[in-house]
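Peer 1: I am attaching a structure below and will ask some questions about it afterwards.
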Amino acid sequence: MDDLDDENRFMTTKTYLKTIQAKGYRNLEMAEPFEWDNLNILIGANGAGKSNLLEMIEFLPDALSGGLAETFKKRRGLTSVIDLDRALPSEMELMWELSGNALLTQGELKYHLIIEGDSYGRFSVNQERLDETGLDSSLMPEAYLDFKYGEGMAKPWKSGNGLQKMPENLKSPQKLALGSLSSSQLYPVLESVREQALSWCFYNANDMNIRAIKHEVKEIDALQQFLAADGRNLKMVLYNLIQSEKGDFGENLDRILRSLYTGHRLLKFPLIDSQHFELSWQFDRPGKPLKLDQVSDGTIRMLCWIAVLAHPNPPALVCIDEPELGIHPAWLPILATLITEAAEHTQVIISTHSSILLDELTDQADKVVVCALNEVGKATFERLDAEALEEWLVHYKLGKLFRSGHPELGGWPR
C-alpha cells in the first residue's frame, strides 16, 4: 500500500478518549489521569464538578475551533477558569490521552497543555506537547509536537530526523500549535488529533433552544448531519438522516417513536417551497397531522436525544449534561436504552441527577463515576465499585440506593 493510501486510512479512523487529567481548571485537581470507558455516567451533588469535568474535555475542541481567547470568553473569562487560589501567576495544566489510531497501534497519543494566566486575564501557552505513549516502558515517548513559550518543533510524517522547527509565522504564545499545523500531508498525526477532537459533540439540556427548534425555518442543507449544541437544526438533521442511504435510521426512528406514542404512524417533511420544508407528524387517529411547533417541549427534547443517540454514524465522543431535564418520567426507561445502545457504537458521557434514570441503568453500575468534593473543596472522581454494591443490587436498583444516600454513591441531599 502506498503512502497516500496509508494516509487516507489514517484519517478515517476514529480516536477515543482514554484518559484526562486537569490541575488548576476551576475546582478540578486530578493527581492522576482518570480513565474513561465506552459508557460513563457522572453522578454527584450540585457543585461537585460534573459540569466542570465535561467543560474541561470540551476545552480542547473549543480552543482548536475558536482560539484560546474565545474559549476563555465562552467560560466567562480566564479568571473564572484558572484556579487563582494557586500562586500567581497561576498555571492550568490539562491532558487528553487518545486511543484507537490505526497507524499508531503500539501506543496512544497524549496531548499535554499548560497555560499560564494572571488576575488581569492575560495568558500564554507555556507548554504544548503531543507524544505517542503506551510503548515499551524502556523507550522514550515519541514526540510529534513540542512547543514552549512561543517557540516550538513538530515532527513531519515519517520524518527520519524527528522534530523540526515550526515555521515562524505559526509561532504564538496565545495560540495552540496543534490548531496552526493543519496540513494533512505534512502533519497527518496532528491533523488527525485535531479533526477527531473537533468531531466530539457536547450538549447541555439547559441550552436546548426549544423556541428556535419549533419556529425557525431554514434552507435545505444536506451537510447538516449532526445536531447543533442548541438543537436548532433538529428538523434538518432528522430529514437528512432519514433520507440517507446509509443505515436504517428511519426504521429505527419509527420504532422508538411508537414506544413513545402508540398511535405514531410516521414523520413527513412536506415542502414549503423549493428550498424550505416543515416537519409533519402523523398519527393513527382522526385529525390533522401535528407540526413541530404544536408538540410539547418534552417531546422536542426527546427527539433531540434520538437524533444524537440513535445516529447511524455517531461522532467518536458524545457528552450530554442532564439529558433527563424536561423528559416525562415514563420515557426515562426509553432514554436509558438509547444511551446504552449508543455506547455500543461510540463513547458516551452523561451526567444525571435522576434516580429514575439510574434505576434503568442498574446493570451499568460499573460505568458510574461518583463526583464529590474533598475537604479543601476540590472535585474528585472515582468509578463506582460495583462489586462492593453487589449484595445491595440484588435487592435494590441503583437509583433507589442513590435516593437513600448510600455512601458508595453519595450526591443525594440529606
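The values are calculated or read from the model by the stated rules, or taken from the named source; none is laboratory data. Just so we're clear, the structure is a prediction, and the values are computed from it rather than from any experiment. Here Cβ is always computed from backbone atoms with ideal geometry, including for glycine, and neighbour counts include all displayed protein chains.
Peer 1: Scan region 212-239 and report the pairs whose first residue is assigned by TED's automatic domain parsing to the domain that holds VAL295 and whose second residue is loosely packed, with under 15 Cβ neighbours inside 10 Å and assigned to a helix (DSSP H, G or I), with Cβ atoms within less than 7 Å and a gap of 6+ or a chain change.
Peer 2: Partner pairs satisfying both residue conditions: LYS214/ASP293; HIS215/ASP293; ALA229/ASP207; ASP230/ASP207.
Peer 1: Something else: I'd like to know if region 21-39 contains one or more residues that are more than 21 Å from TYR111 (Cβ to Cβ) and assigned to a strand (DSSP E or B). Lay out the reasoning, then the answer.
Peer 2: Let us first name the residues in region 21-39 that are more than 21 Å from TYR111 (Cβ to Cβ), namely 27, 39.
Among the residues that remain, those that are also assigned to a strand (DSSP E or B) are: 39.
Yes, region 21-39 has at least one match.
Peer 1: Any chance you could count how many residues in region 110-130 are in contact with a His (Cβ under 8 Å, 6 or more places away or on another chain) and touching a residue at least 60 places away in the same chain (Cβ under 8 Å)? Reasoning before the result, please.
Peer 2: Taking region 110-130 as the starting set, the residues that turn out to be in contact with a His (Cβ under 8 Å, 6 or more places away or on another chain) are 127-130.
Remaining after also requiring touching a residue at least 60 places away in the same chain (Cβ under 8 Å): 130.
Residues that pass the stated criteria total 1.
Peer 1: In this structure, does ALA228 turn out to be part of a loop (DSSP other than H, G, I, E, B), at negative phi and either in contact with a Phe, Trp or Tyr (Cβ under 7 Å, 6 or more places away or on another chain) or at pLDDT 95 or above (or both)? Outline the logic, then answer.
Peer 2: Working: part of a loop (DSSP other than H, G, I, E, B): yes; at negative phi: yes; either in contact with a Phe, Trp or Tyr (Cβ under 7 Å, 6 or more places away or on another chain) or at pLDDT 95 or above (or both): yes.
Yes: the conditions hold for ALA228.
Peer 1: Turning to a different aspect of this structure: What number of residues in region 342-369 are surrounded by 20 or more Cβ atoms within 10 Å (Cβ to Cβ) and under 23 Å from TYR16 (Cα atoms)?
Peer 2: Number satisfying all stated conditions: 14.
Peer 1: Restricting to region 361-404, name every residue that is in contact with a Gly (Cβ under 9 Å, 6 or more places away or on another chain), within 21 Å of LEU332 (Cβ to Cβ) and outside any strand (DSSP E or B).
Peer 2: Within region 361-404, LEU361, THR362, PHE402 meet the criteria.
Yes or no, residue by residue, for (1) at positive phi; (2) modelled with pLDDT of 95 or more:
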residue: PRO323; (1), (2): no, yes
residue: LYS378; (1), (2): no, no
residue: ASP385; (1), (2): no, no
residue: TRP392; (1), (2): no, no
residue: HIS395; (1), (2): no, no
residue: LEU401; (1), (2): no, no
residue: PRO407; (1), (2): no, no
residue: GLY410; (1), (2): yes, no
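Peer 1: Only one residue in ASP284, ASP207 is farther than 30 Å from ASN52 by Cα, without any contact (Cβ under 8 Å) to a residue 40 or more places away in the chain, loosely packed, with under 13 Cβ neighbours inside 10 Å and acidic (Asp, Glu), so which one is that? Write out each step before concluding.
Peer 2: Numbers: ASP207 fails: farther than 30 Å from ASN52 by Cα.
Going through ASP284, ASP207 in turn, the sole match is ASP284.
Peer 1: Same structure, new question: When you go through GLU70, GLU97 one by one, which is the residue that is at pLDDT 90 or above, acidic (Asp, Glu) and farther than 30 Å from VAL368 by Cα? Walk me through it before giving the result.
Peer 2: Details: GLU97 fails: farther than 30 Å from VAL368 by Cα.
It is GLU70.
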